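The values are calculated or read from the model by the stated rules, or taken from the named source; none is laboratory data. Keep in mind the model is a prediction, meaning the values are calculated, not measured. Here Cβ is always computed from backbone atoms with ideal geometry, including for glycine, and neighbour counts include all displayed protein chains. SASA here: full protein model, heavy atoms, side chains in, ligands and nucleic acids out. Shrake-Rupley method; radii C 1.70, N 1.55, O 1.52, S 1.80 Å.
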Amino acid sequence: MSPAPAGEATPVNTSSSARLVSWPPLAGSLLMLVPIAVVSLLVWQTAGAALQGTVTHYLVLTVAVLAFSAFTGNSGILSFGHAAFMGLAAHVTGVLTIPVAQKAIFLPDLPLWLAGLELHFLVAGAIAVVLVTIVGFLVGIPICRLGGASAAIATLGLLIIVYGVLVGARDFTRGSQALIGVPRTVDIPLALLFVAIALIVCRIFRDSLPGLELRAAREDEPAARAVGVDVHRRRLLAWTLSACIAAIAGVLLAHELGVYSPREFYFQITFAVLVMLIVGGMTSVSGAVAGAIVVTILIEVLRSVEESINTVWFDEPTVFGLTDIGLSLAILGVLFWRRNGLFEYREIEDFVLSPRKAPAGSLTATPERVARDGGLEVRDVTRMFGGLRAVDSASLSLKPGEIVGLIGPNGSGKTTLLGCISGALECDAGTIELDGADITGMPSHLIARRGVGRTFQNVRLFSNLSCQENVKTALAAGSTGSRPARMTERCLALLGELGIADYASRRAGTLAYGLQRRLEIARALALEPRYLLLDEPAAGMNESESDELLAILARLREVRGPGLLVVDHDLSLIMRLCDRVIVLNKGEVIAEGTPEDVQSDPVVIEAYLGRRRTAERATSWSTARE
């Protein structure tokens with residue numbers, strides 16, 4: 001593979017399979033919504049009150065499960081707290097809409113201004129949604145800085161706290177007793193309208209650039225930060241949006257039930273909604289809606305069975321908990337046979353519609369060469385892990401257009417030093433300057449946006465996103481307002497530059513190892529970096545694949561001109577590729593120079609082979625000369 005002349009455009013040959021384009025989110029929303037609307041409206045016109053009540057309740061719970069999906073599905077963080085937002089909204093709208101005469105009986109201790117207030121349920125609902133959304137934003141600020149189990153436990157704490165507040169605020173909520181007199185104004189058409197709104201909003205957010213960035217962080221948070229994603233901000237956006245949708249669900253449920261207590265918005269509804277989400281597929285909006293259908297039918301069947309058992313075998317109705325048992329078994333069954341839910345990572349259109357093909361033709365990558373001025377300067381950086389000095393006063397420099405190798409024995413601190421440079425790890429001492437600006441201690445996503453890209457020692461892709469989405473995430477994080485169509489073209493051009501355009505629509509986790517390495521480099525290049533940190537890019541490759549990688553990296557230098565800092569144990573690749581080589585041992589820089597000088601340095605040989613082996617090697621060389 002011969003490098004293209006510097007500054008020339010690199011033609012990208014893209015096959016039809018590489019130019020598959022997904023359908024817009026509105027198409028998927030309509031595919032899901034139309035059959036639900038037809039069945040629901042048919043029930044509204046022809047069925048009795050009992051079945052209408054069941055369908056209305058299903059539609060309200062669909063809005064609730066979409067609220068959970070907007071956060072949990074995109075962030076990967078299981079939330080137990082969204083029922084708290086439903087409960088808050090339900091009690092706010094309830095107090096604002098209960099007739100004045102009934103307030104005087106059931107809520108005699110209300111403030112005078114509130115006791116005499118009786119609003120239309122749409123006005124009261126809007127007020128409740130706005131207030132709860134503000135509360136959601138405020139409590140989301142600390143919660144969204146957490147991740148994994150810590151964030152899930154924090155949401156559980158939120159649910160318990162809000163439940164305690166609702167029970168304790170007796171003057172406003174009647175405590176643990178039921179709130180009575182809330183107007184029952186929600187029917188099938190109204191609930192269906194809000195299902196449509198929630199579904200379309202959730203699909204648009206999922207397929208938007210912020211939604212893509214959050215889904216990337218769900219797959220691999222450090223990798224997402226390394227391509228410029230501000231994970232905390234994206235989580236907070238999804239959390240606030242989901243709190244708003246949960247508040248809408250709470251308002252609908254309040255005006256569907258008419259009588260309710262704080263217990264309605266506690267563990268029972270949280271469990272039911274999470275079952276819907278897990279059964280349908282946590283990461284799919286369509287799956288969330290389908291899960292609501294399946295679980296609602298399951299609940300109704302189990303209740304009928306339970307009632308039949310009680311009627312046949314017992315003189316008085318007895319509660320067996322058959323519904324909870326059935327839902328628990330449903331979760332276990334899904335986790336065992338289809339652990340990612342019925343829809344897994346796909347939407348309804350992925351099953352029903354074939355991907356559209358973009359117009360045929362070739363794309364052309366026209367990368368700008370980076371300016372030669374400036375440089376990356378690492379001065380006396382130290383990184384401690386407890387009492388271990390992983391990096392000890394290490395210094396190096398890298399200029400644009402230069403390829404520098406960083407080598408050393410296992411455990412010498414190479415990857416740790418790259419982590420310090422990229423912002424993934426904090427330095428205990430020393431400074432790092434990027435083109436004259438001090439970036440020491442700067443968050444990794446900001447360093448990435450300033451022009452430092454990186455790959456990882458172990459491949460860290462967004463495995464359940466397509467190759468195109470992997471690259472698009474980096475483009476989105478550093479985007480300056482490019483049109484979606486233009487971003488798609490740039491994605492395909494970058495994939496073509498690395499020779500993997502034919503795999504654009506494939507899920508990244510299904511690629512062969514060598515192709516995954518190329519995709520990781522393509523994703524890093526989407527940042528248009530001035531400096532690219534490559535951590536063992538040839539690891540696991542055979543000789544032929546290493547030669548191809550060497551040609552690709554050489555061409556990148558010629559065409560784009562970034563500075564490359566390459567860590568690898570393939571000394572043959574390092575010696576052929578690099579202008580300079582820096583050697584680390586026990587966290588310290590022990591040698592620096594041209595590949596030839598470093599290769600023959602006794603200190604370097606000793607670091608790799610040890611003193612005894614070095615002495616034996618020197619003796620054998622001496623004997624050979626004699």
* **Computed lengthening from Glu592 to Ala104, 0.36 nm per intervening residue step minus Cα-Cα distance** => 167.2 nm
* Distribution of pairwise C-alpha distances over segment 403-477, 10 Å bins, in % -> 16, 42, 32, 9
* Rounded to two decimals, what ratio of Rg to Rh does segment 149-284 give with C-alpha atoms and a Kirkwood Rh? -> 1.02
* What list of ³J(HN,Hα) values in whole Hz, one per residue of segment 177-193 in order, does the Karplus curve 6.51 cos²θ - 1.76 cosθ + 1.60 (θ = phi - 60°) give from phi, with Gly and Pro shown as x? -> 7, 6, 7, 10, x, 6, x, 8, 10, 8, 10, 4, x, 5, 4, 5, 4
* Nearest 20 debye, what's the magnitude of the dipole of the chain about its Cα centre given +1 on Lys and Arg Cβ and -1 on Asp and Glu Cβ? -> 560 debye
* Structure fact -> Measure of exposure for Asp428: accessible area at 1.4 Å probe, Å² rounded to 10, is 90 Å²
* For the chain, with the dipole built from +1 on Lys and Arg beta-carbon atoms and -1 on Asp and Glu ones, taken about the Cα centre, which of Thr173, Trp44, Ala246 lies farthest toward the positive end? -> Trp44
* Residues whose placed amide H lies under 5 Å from that of Ala429, excluding near-sequence neighbours -> Thr382
* **Two-decimal log10 I(q)/I(0) for segment 204-292, as the Debye equation yields it once each C-alpha is a single scatterer, q = 0.20, 0.26 Å⁻¹** => -1.06, -1.29
* Could you list which residues have their amide H under 5 Å from that of Ala178, counting only those 5 or more apart in sequence or on another chain, with H placed in the peptide plane? => none
* Each label point is 7 Å from the Cα along the Cα-to-Cβ direction; what then is the distance between the points at Ile153 and Leu112, in nm? -> 4.9 nm
* Asked: What ³J(HN,Hα) values, in whole Hz, does the Karplus curve 6.51 cos²θ - 1.76 cosθ + 1.60 give for segment 47-58 when θ = phi - 60°, with x put for Gly and Pro?
  -> 8, x, 5, 5, 5, 4, x, 5, 5, 4, 5, 4
* Structure fact -> At q = 0.13, 0.18 Å⁻¹, the log10 of I(q)/I(0) for segment 59-185 from a Debye sum over equal Cα scatterers comes to -0.59, -1.00
* Heavy-atom accessible area ranking, 1.4 Å probe, most first, across Trp113, Trp44 -> Trp113, Trp44
* Asked: How big is the convex hull of the Cα atoms of segment 64-117, per residue, in Å³?
  -> 96 Å³
* For the chain, calculated [θ]222 nm from helices alone, where every DSSP H run of n ≥ 4 adds -39500 (n - 2.57) -> -18000 deg cm²/dmol
* To do: Out of all DSSP beta bridges with both ends in the chain, state the antiparallel percent to the nearest 5.
  => 60 percent
* **Nearest-ten-degree value, helix 25-46 long axis tilted from longest Cα axis of the chain** => 10 degrees
* Structure fact -> So the pair-distance distribution of segment 558-605, from every Cα-Cα distance in 10 Å bins, comes to percents of 23, 56, 17, 3
* **Length added when fully stretched, Asp435-Leu335, from 0.36 nm per residue minus Cα-Cα** => 31.0 nm
* Please turn the phi angles of segment 211-217 into ³J(HN,Hα) values with the Karplus equation 6.51 cos²θ - 1.76 cosθ + 1.60 (θ = phi - 60°), one per residue in order, whole Hz, x for glycine and proline. => x, 4, 4, 5, 5, 5, 5
* To do: Compute the convex hull volume of the Cα atoms of the chain, divide it by the residue count, and report the result per residue in Å³ as a whole number.
  => 203 Å³
* With every protein chain left in place, what is the accessible area of Thr431 in Å² (1.4 Å probe, nearest 10)? -> 50 Å²
* What are the trypsin sites (Lys or Arg not before Pro) within segment 152-215 that DSSP puts in a loop, where the Cβ has at most 10 other Cβ atoms within 10 Å? -> none
* Asked: Roughly what would the spin-label model give for Gln457 and Arg170, points 7 Å off Cα along C-beta, in nm?
  -> 6.1 nm
* Cα-based convex hull, segment 142-196, per residue volume (Å³, whole number) -> 143 Å³
* Relative to the present Cα-Cα distance, how much length would full extension add between Leu138 and Ser600 at 0.36 nm per residue of separation? -> 160.2 nm
* **Under-5 Å amide H pairs with Leu406, H placed in peptide plane, nonlocal only** => Val566, Val567, Asp568, Ile582
* To do: Just tell me which aspartates and glutamates come within less than 17 Å, Cα to Cα, of Lys472; anything on the same chain fewer than 8 places away is out.
  => Asp207, Glu213, Glu219, Asp220, Glu221, Asp230, Glu489, Glu497, Asp502, Glu520, Glu528
* Three-way shape label, segment 438-554, alpha-carbon gyration tensor, a/c 1.5 -> oblate
* Net charge dipole size for segment 123-265 [Lys, Arg +1 and Asp, Glu -1 on Cβ; Debye, nearest 20] -> 160 debye
* Pop out the carbon and sulfur fraction of the accessible area of segment 397-474 as a percent, whole number, probe 1.4 Å. => 40 percent
* Which of Glu402, Glu596 is most accessible, then next, and so on - probe 1.4 Å -> Glu596, Glu402
